[in-house]
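Okay, so here's the structure we're looking at.
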Amino acid sequence: MMPKLPINIDDLLYQRTVESERIEYKEGWNPESILHTLCAFANDFHNLGGGYVLIGVAEENGQPQKISKERPPAGLLPEQIDAIQKELLNLGHSAIAPHYHPLTATYEIQGKTILVLWAPGGESRPYKAKTSLSNKKSDWAYYLRKHTSTVKALGDDERELMSLAASVPFDDRYRQTANLSDLSPHLVREFLAEVGSELARSAVDMPIEQLAKRMNLAGGPPEALFPKNVGLLFFNEQPEQFFPATQIDVVYFPEGAGGDRFEEKEFRGPLGRITRDALSFIERNYLKERVVKHADKPEAERFWNFPLAAVEEAVVNAVYHRSYEIREPIEVRITSDELMVLSFPGPDRSIQLDALRAGKAVSRRYRNRRIGEFLKELDLTEGRSTGIPKILRVITQNGSPTPSFETDEDRSYFLIRLPVHAGFIGSEQVIEVTPEVTPEVTPEVTPEVRLCRALAGEMSRFELQSAMRLKDAEHFRKAFLLPAIEAGYIAMTVPEKPRSSKQRYYLTAEGKALLESLENS
């Protein structure tokens, strides 16, 4: 039985987490066309992480056919699978240079067998392939992806492809000073379970060597595999031993940046974990919501000192785009006036500074393409140059001042400044709507209060999380659920068995009193 790939098949069929330009659908086996597509994915011109070819699924206007019980995919015959794999092996040696071989897996969809080819970005690009398989003296050409099509690389595109061959991105290189035992099977399996990969179940008993190959976390010769940098960053408990200063420092200045006092907390560990933990810590301790009631209208006005979605984008952007070869941590500085996120180095030189400051910068030259893949799987980023536009949109919706994006001519650093909402500056705690009306300010709304407001009767953890529209279960548990329980605002129906499948949560007398005080204040 062929192993599964580290991605849910539904994500490929319905493009849930993988953009369309990374997927090619083929109703049947067309070796020449598929060879050119594999070559394009191996060249990974836009640093998106390669792509997938689904054989046995028809294409309709650039999209996969709509699959239903009445209309299953075309599929492949079982005897075709072995023949295709043998031909792929031969093509990888004779029709593409340097040699390149995709990983394969079969899936059963509505009683039909489809073959999935996973073609990650190659380490030896640029790759070229035969233009025709019918002519033994065929010419060779470089191929790349343009939107959802595979095309020959010509002119400027070919020259740019040649320039990309200078080096493999840092996060995709293998590290000869480490070995596969430095990858934690527990962290890998935890990740697969969280993203809903079909590989999760079979990964339970899979040795780390095989698991690393399946997830493209290892490289080098078959007899001496080494872990790749991205694997060590996400699946080692102490990545800072390989990449010094791989950490997020959160520093709070209660008296301002020039004051004598400050509070500092360091977050070290696997990238996915420290990103979430740092965001949870910032939200729990430094993000405040304020509710303003106006005498002249029924609707209350709500705003945050720093909106969470903007903070998330700024921090994740730093994790995604910083260099892990530079010994400088990501730093989040918080004062009463602003929240700043500093990382090194700055954005790619292809981005114009004016466009960056206006929030219109678009770059497909991602410094860490593999890190981006894992952050996307964890729903921490979209990886489509949407970070800065989203920050601007969220800030505008919150009514906060315009943020700033700073770097220097040498692009040695990148600093995002998020100014505090005017309603939190000094003694001015409200935004006046009219001179005649004095708005009334309620106490600040904490994560515990938000959870109490969402709780209706007895609810399961999943129901509560869904009601609050939160995707990350671990973030919900640490930032909302546990603080509310510790504060005594909510309680469990089965306290002696915290992990019981019948566990429900309800408001305590203290929780009800808290909500009543907020309503009456």
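Given 404, 412, which one is surrounded by fewer than 16 Cβ atoms within 10 Å (Cβ to Cβ), in contact with a Lys or Arg (Cβ under 6 Å, 6 or more places away or on another chain) and under 23 Å from residue 320 (Cβ atoms)? Break it down into steps so the answer makes sense when it comes.
On the way: 412 fails: in contact with a Lys or Arg (Cβ under 6 Å, 6 or more places away or on another chain).
Among 404, 412, only 404 is surrounded by fewer than 16 Cβ atoms within 10 Å (Cβ to Cβ), in contact with a Lys or Arg (Cβ under 6 Å, 6 or more places away or on another chain) and under 23 Å from residue 320 (Cβ atoms).
Counting only residues that are of a type in the set (Gly, Ala, Ser) and modelled with pLDDT of 95 or more, the stretch 401-427 holds 0 of them. The residue that is modelled with the lowest pLDDT, among those in the stretch 20-43 that are among the polar types (S, T, N, Q), assigned to a helix (DSSP H, G or I) and within 18 Å of residue 60 (Cα to Cα), is 20. Evaluate the stretch 493-503: report whether one residue or more is of a type in the set (A, V, I, L, M, F, W, C), surrounded by 15 or more Cβ atoms within 10 Å (Cβ to Cβ) and at pLDDT 80 or above. No, the conditions are met nowhere in the stretch 493-503. Of all the criteria given as (1) farther than 16 Å from residue 30 by Cα; (2) in contact (Cβ under 8 Å) with a residue 24 or more places away in the chain, the one not satisfied by residue 117 is (1). Summed over the stretch 124-178, residues that are under 30 Å from the mean Cα position of the chain (by Cα), among the small types (Gly, Ala, Ser) and more than 17 Å from residue 98 (Cα to Cα) total 2.
Yes/no per residue for (1) free of Cβ contacts under 8 Å to residues at least 12 places away in the same chain; (2) in contact with a helix residue (DSSP H, G or I) (Cβ under 9 Å, 6 or more places away or on another chain):
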| site | (1), (2) |
| --- | --- |
| 267 | no, yes |
| 272 | no, yes |
| 285 | no, no |
| 293 | no, no |
| 299 | yes, no |
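Can you confirm whether residue 109 is surrounded by fewer than 19 Cβ atoms within 10 Å (Cβ to Cβ), in the same structural domain as residue 64 (by TED's automatic domain parsing), closer than 27 Å to residue 73 by Cβ and of a type outside the set (Phe, Trp, Tyr)? So residue 109 fits the description; yes.
Do the conditions hold for residue 451, that is, is it within 22 Å of residue 195 (Cβ to Cβ) and modelled with pLDDT of 85 or more? Working first, answer last.
On the way: within 22 Å of residue 195 (Cβ to Cβ): no; modelled with pLDDT of 85 or more: yes.
It is false that residue 451 is within 22 Å of residue 195 (Cβ to Cβ) and modelled with pLDDT of 85 or more.
Count, please, the residues in the stretch 290-319 that happen to be in contact with a Ser or Thr (Cβ under 6 Å, 6 or more places away or on another chain) and either of a type in the set (Phe, Trp, Tyr) or outside any helix (DSSP H, G or I) (or both). Give the steps one after another, and end with the answer.
If we filter the stretch 290-319 for residues that are in contact with a Ser or Thr (Cβ under 6 Å, 6 or more places away or on another chain), which is where we start, we get 291, 316, 318-319.
Subsequent filtering for residues that are either of a type in the set (Phe, Trp, Tyr) or outside any helix (DSSP H, G or I) (or both) retains 291.
Matching residues across the stretch 290-319 total 1.
The residue pairs whose first member lies in the stretch 494-521 and is on the phi < 0 side of the Ramachandran plot, whose second member is acidic (Asp, Glu), and whose beta carbons are closer than 6 Å, counting only pairs six or more residues apart or on different chains, are 504/458; 506/458.
Residues that are more than 22 Å from residue 274 (Cβ to Cβ) and either touching a residue at least 60 places away in the same chain (Cβ under 8 Å) or not assigned by TED's automatic domain parsing to the domain that holds residue 131 (or both): which helices (runs of 4 or more DSSP H) entirely in the stretch 145-232 hold 3 or more of them?
Details: elements: 155-164, 185-194, 199-203, 208-214.
Because the criterion is at least 3 residues that are more than 22 Å from residue 274 (Cβ to Cβ) and either touching a residue at least 60 places away in the same chain (Cβ under 8 Å) or not assigned by TED's automatic domain parsing to the domain that holds residue 131 (or both), the helices (runs of 4 or more DSSP H) in the stretch 145-232 that meet it are 155-164, 199-203, 208-214.
Restricting 257, 212, 278 to residues that are over 30 Å from residue 425 (Cβ atoms) and either aliphatic (A, V, I, L, M) or modelled with pLDDT of 90 or more (or both) narrows the list to 212.
So that you can scan it fast, the table gives a plain yes or no per residue for (1) surrounded by fewer than 18 Cβ atoms within 10 Å (Cβ to Cβ); (2) in contact with a helix residue (DSSP H, G or I) (Cβ under 7 Å, 6 or more places away or on another chain); (3) over 30 Å from residue 287 (Cα atoms):
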position: 177; (1), (2), (3): yes, no, yes
position: 186; (1), (2), (3): yes, no, yes
position: 231; (1), (2), (3): no, yes, yes
position: 234; (1), (2), (3): no, yes, no
position: 238; (1), (2), (3): yes, no, no
position: 241; (1), (2), (3): yes, no, yes
position: 250; (1), (2), (3): no, yes, no
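Checked against (1) assigned to a strand (DSSP E or B); (2) farther than 30 Å from residue 208 by Cβ; (3) aliphatic (A, V, I, L, M), residue 116 passes all but a single condition, namely (2). Among the residues of the stretch 451-489, those that are free of Cβ contacts under 8 Å to residues at least 24 places away in the same chain, more than 19 Å from residue 280 (Cα to Cα) and not in a helix (DSSP H, G or I) comprise 456, 488. Exactly one residue out of 273, 327, 261 is closer than 30 Å to residue 378 by Cβ and part of a loop (DSSP other than H, G, I, E, B), and it is 327.
If you go through the stretch 192-213 and keep only what is surrounded by 22 or more Cβ atoms within 10 Å (Cβ to Cβ) and either closer than 14 Å to residue 377 by Cβ or polar (S, T, N, Q) (or both), you end up with 192, 197, 199.
Once the stretch 292-306 is narrowed to residues that are more than 15 Å from residue 419 (Cβ to Cβ) and surrounded by 18 or more Cβ atoms within 10 Å (Cβ to Cβ), the residue that is modelled with the highest pLDDT is 292.
Restricting attention to the stretch 1-19, the residues that are modelled with pLDDT of 70 or more and over 17 Å from the mean Cα position of the chain (by Cα) total 4.
The values are calculated or read from the model by the stated rules, or taken from the named source; none is laboratory data. All figures in this text were calculated on a predicted structure; none of them were measured in a lab. When we count neighbours, we look across all protein chains shown, and the Cβ atoms used for this are built from the backbone with ideal geometry, even at glycine.
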